[in-house]
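Accompanying notes for the structure given below.
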Amino acid sequence: MERKIRIVADKNIPFLEGVFEPYADMVYIDGKDISREDVRDADALIIRTRTRCNASLLDGSRVSMIATATIGTDHIDFPYCEAHGIEIHNAEGCNAGGVMQYVFSALYGTASRKFIKLDSPVIGIIGVGNVGKKIEHMAGHLGFHVLRYDPPREAVEGPEGFSSLEHLLASSHIVTIHTPLDETTRKMADARFFAMMRPGAFFINAARGEVVDEDALMEAIPKLGPVIIDTWNNEPDINRELLDMVDIATPHIAGYSYQGKQNGTAFSVRAVAKHFGIVPLYDFFPQTESPDYEPVKLDLRGMNQGEITSVLQYNYPVFTDDFMLRMQPDRFEQLRSEYKYRREIYIE
C-alpha cells in the first residue's frame with residue numbers, strides 16, 4: 001500500500017482543515033510551536049510567518065516543499081532550502097486589497113481625529129508591488145498626487161514614473177511603506193530617512209516591522225504628523241514606548257480580510273497539490289455561502305472628506321483594532337489568531 005504524504009500545517013490558517021484529509025495525513029500545530037520533531041516525518045509544511053524555516057527546524061527531515069500562506073518570505077531560509085531541494089511557494093499579492101483598505105481607513109480616520117484637511121495631498125509609496133499598486137489605484141481614485149519609489153521595478157521599466165527616495169520624502173504629505181524585508185530594506189527608515197521627511201507628514205508602516213529603525217522613529221515623532229504602525233520589530237514583544245507614541249497601533253492585521261485569507265489558503269493548497277500531483281485540488285478555492293463576506297464595491301468620487309471617512313470607517317472601523325491592542329498588548333498573538341476577518345472594499 002502506497003504511503004500517504006504527511007503535511008504539517010499551522011492550525012491558524014483558515015479554511016484549511018478537511019481539505020487535504022482525503023489525500024494526506026494532516027497534523028495541525030500552532031505555527032510558533034512547530035518543532036524539529038514535528039517535521040521529521042513531514043513531506044510538506046503549510047505555514048505563516050510565525051514558523052522559522054531554517055536548518056534548526058528542517059535538518060534531518062524529508063520535507064520537500066514549503067507553502068506559506070503569506071506574502072512575506074523572510075521567515076524562510078532560501079539558501080538552505082535551495083541547497084536541500086526544498087521547493088518554496090508564497091501567496092504573493094493575496095492580501096493586497098486588505099492592506100489598501102487598512103491604509104485608507106487609517107489615513108482618513110486619523111486625519112478626521114486630528115482635524116487635518118486632505119486637500120490634493122501628495123502620497124509617497126515606497127514599494128509598488130501588488131500592495132503598492134492597489135494603494136496607487138485608490139489614491140488616484142481619490143485625487144491624490146502619487147510619487148513612487150521602487151528600485152527593482154525602476155531597473156526593469158526605466159526611470160520614467162519613479163521618484164528618488166530623497167524627492168519622495170521631501171515632497172510627500174503621506175509616506176507609506178510596502179516593501180518586502182530583505183537586506184536592502186532592513187532599517188531603511190532610519191534617522192536619515194526621517195530627517196528627509198517633510199514636517200507634519202503622515203508615516204505608515206504596514207509592510208514588515210524591521211524595515212523601520214524604531215529608535216529613529218521615536219526620535220522623529222515630534223517632527224512628524226500622524227504615525228500609523230501595523231508591523232513591529234520583535235513581534236509579539238513589541239515596543240510599548242512606541243505603542244504609546246503612535247496614532248494608530250494594530251497587531252499586524254492590515255491584510256486580514258476575508259478575501260485575503262481565502263486567497264492565501266488557496267495559493268498554498270494549489271501549490272502543495274501540484275507538487276504532489278493531487279489533481280482534484282489544483283483549482284481549490286474556499287467558498288462561502290454568506291453574502292456578508294462578499295467584497296464591497298465603492299465609488300468615492302465626488303464625496304467630501306467627511307463622507308469618504310464615514311464610508312471607509314463603516315466598512316472597516318480601524319480604531320477598534322487600535323483599541324484592542326492598546327488595552328492588551330501582551331495578547332498580540334491572540335489578537336491576530338482570533339481576528340474576525342473583515343470583507344474588503346474595491347473600486348474599478
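The values are calculated or read from the model by the stated rules, or taken from the named source; none is laboratory data. A quick note: this is a predicted structure, and the numbers were derived from the prediction, not measured. Reconstructed Cβ throughout: ideal geometry from the backbone, glycine too, with neighbour counts over all protein chains shown. Keep in mind that these areas ignore ligands, DNA and RNA; they rest on the heavy atoms of the full protein, side chains included. Shrake-Rupley method; radii C 1.70, N 1.55, O 1.52, S 1.80 Å.
Looking at the structure I just gave you, is Asp215 of a type outside the set (Lys, Arg) and more than 18 Å from the chain's Cα centre (by Cα)? The answer is yes for Asp215. Here Thr110 does not qualify as more than 21 Å from Gly143 (Cβ to Cβ) and of a type outside the set (A, V, I, L, M, F, W, C).
Being over 25 Å from Trp232 (Cα atoms), among the hydrophobic types (A, V, I, L, M, F, W, C), touching a Cys at 6+ places or on another chain (Cβ under 8 Å) and open to solvent by 20 Å² or more (accessible area, probe 1.4 Å) is a description that applies to Phe267.
With respect to the conditions (1) at pLDDT 95 or above; (2) in contact with a strand residue (DSSP E or B) (Cβ under 7 Å, 6 or more places away or on another chain); (3) not hydrophobic (A, V, I, L, M, F, W, C), Pro280 lacks only one, and its number is (2). With the requirement that a residue be of a type in the set (Lys, Arg) and within 18 Å of Phe276 (Cβ to Cβ), what does the stretch 28-74 give you? Answer for the stretch 28-74, where residues must be of a type in the set (Lys, Arg) and within 18 Å of Phe276 (Cβ to Cβ): just Arg62. Does the stretch 35-58 contain at least one residue that is open to solvent by 40 Å² or more (accessible area, probe 1.4 Å) and at positive phi? Taking every residue of the stretch 35-58 in turn, none turns out to be open to solvent by 40 Å² or more (accessible area, probe 1.4 Å) and at positive phi. Exactly one residue out of Ala216, Ala254, Ala220 is of a type in the set (Gly, Ala, Ser), out of contact with any His (no Cβ under 6 Å at 6 or more places or on another chain), under 17 Å from Asp322 (Cα atoms) and touching a residue at least 12 places away in the same chain (Cβ under 8 Å), and it is Ala254. Scanning the stretch 64-74 for residues that are open to solvent by 10 Å² or more (accessible area, probe 1.4 Å) and β-branched (Val, Ile, Thr) yields Thr70, Ile71, Thr73.
Within the stretch 7-34, which residues are open to solvent by 40 Å² or more (accessible area, probe 1.4 Å) and in contact with a helix residue (DSSP H, G or I) (Cβ under 9 Å, 6 or more places away or on another chain)?
Lys11, Phe15, Pro22, Tyr23, Lys32
Pick from Val19, Val122, Val103, Val27: which is over 30 Å from Tyr314 (Cα atoms) and either in contact with a strand residue (DSSP E or B) (Cβ under 8 Å, 6 or more places away or on another chain) or of a type outside the set (A, V, I, L, M, F, W, C) (or both)?
Values: Val19 fails: either in contact with a strand residue (DSSP E or B) (Cβ under 8 Å, 6 or more places away or on another chain) or of a type outside the set (A, V, I, L, M, F, W, C) (or both); Val122 fails: over 30 Å from Tyr314 (Cα atoms); Val103 fails: over 30 Å from Tyr314 (Cα atoms).
None of the other options fit; the residue is Val27.
From the list Phe319, Phe323, pick out the single residue that is at pLDDT 95 or above and open to solvent by 70 Å² or more (accessible area, probe 1.4 Å). None of the others qualify; the one that does is Phe323.
Listed by position, the helices (runs of 4 or more DSSP H) inside the stretch 171-256 whose residues that are among the aromatic types (Phe, Trp, Tyr) and open to solvent by less than 10 Å² (accessible area, probe 1.4 Å) number at least 1 are 191-196.
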